[in-house]
Amino acid sequence: RLARDGHDVALADVQGSSLNDVAQEIAALGRRTMAHYSDVSKEQDVAALVGDVASKLGSVDIVRTHRHG
C-alpha cells in the first residue's frame, strides 16, 4: 500500500523470508525499494537498518511493523 500511495519502501525481515519477492512487486510500481535482512529485536540491527535506509532512500518517515504468527 505504501508504494501505491507513492512512497519508496524499505523492507526488513529475518533471513529466509520473501523480502526479495515483495521488493520486486514494489519496484514494478515504479518506487525505489530495498530489502534488508536483520533481526529487529536486536538494537544494533535496527541501528544498521535505519542507517542503511537513510543513506539509500533518504529520511525514514513512516515505520510500520507486522508480527508473524
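Convert 25 °C to kelvin, take the viscosity as 0.890 mPa s, use the Kirkwood radius over C-alpha pairs of the chain as Rh, and evaluate the Stokes-Einstein diffusion coefficient in µm²/s, rounded to a whole number.
Rounded to a whole number, D works out at 197 µm²/s.
Does anyone have the angle between helix 43-57 and the longest principal axis of the chain? Alpha-carbon axes, 0 to 90°, nearest 10?
20 degrees
Evaluate E = 1/(1 + (r/R0)^6) for Asp39 and Thr65, where r is the Cβ-Cβ distance and R0 equals 22 Å; express this FRET efficiency to the nearest 0.05.
Step by step, r from the Cβ atoms, then E = 0.95.
If you take the charge dipole of the chain about its Cα centre, with +1 on Lys and Arg Cβ and -1 on Asp and Glu Cβ, which of His36, Ala47, Gly6 is farthest toward its positive end?
The residue sitting farthest along the positive end of the dipole is Gly6.
Pop out the carbon and sulfur fraction of the accessible area of the chain as a percent, whole number, probe 1.4 Å.
Its accessible area is 48 percent carbon and sulfur atoms.
Contour minus end-to-end for Ala54 and Ser17, with contour as 0.36 nm per residue of separation and end-to-end as the Cα-Cα distance?
Contour length minus the Cα-Cα distance gives 11.1 nm.
In Å², what does the accessible area per residue of the chain work out to with a 1.4 Å probe?
Counting only protein heavy atoms, the per-residue value for the chain is 76 Å².
The values are calculated or read from the model by the stated rules, or taken from the named source; none is laboratory data. This one's a predicted model, so the numbers in the text were calculated from it and none came from an experiment. Cβ sites come from the backbone with ideal geometry, for glycine too, and all protein chains shown count toward neighbours. Keep in mind that these areas ignore ligands, DNA and RNA; they rest on the heavy atoms of the full protein, side chains included. Shrake-Rupley method; radii C 1.70, N 1.55, O 1.52, S 1.80 Å.
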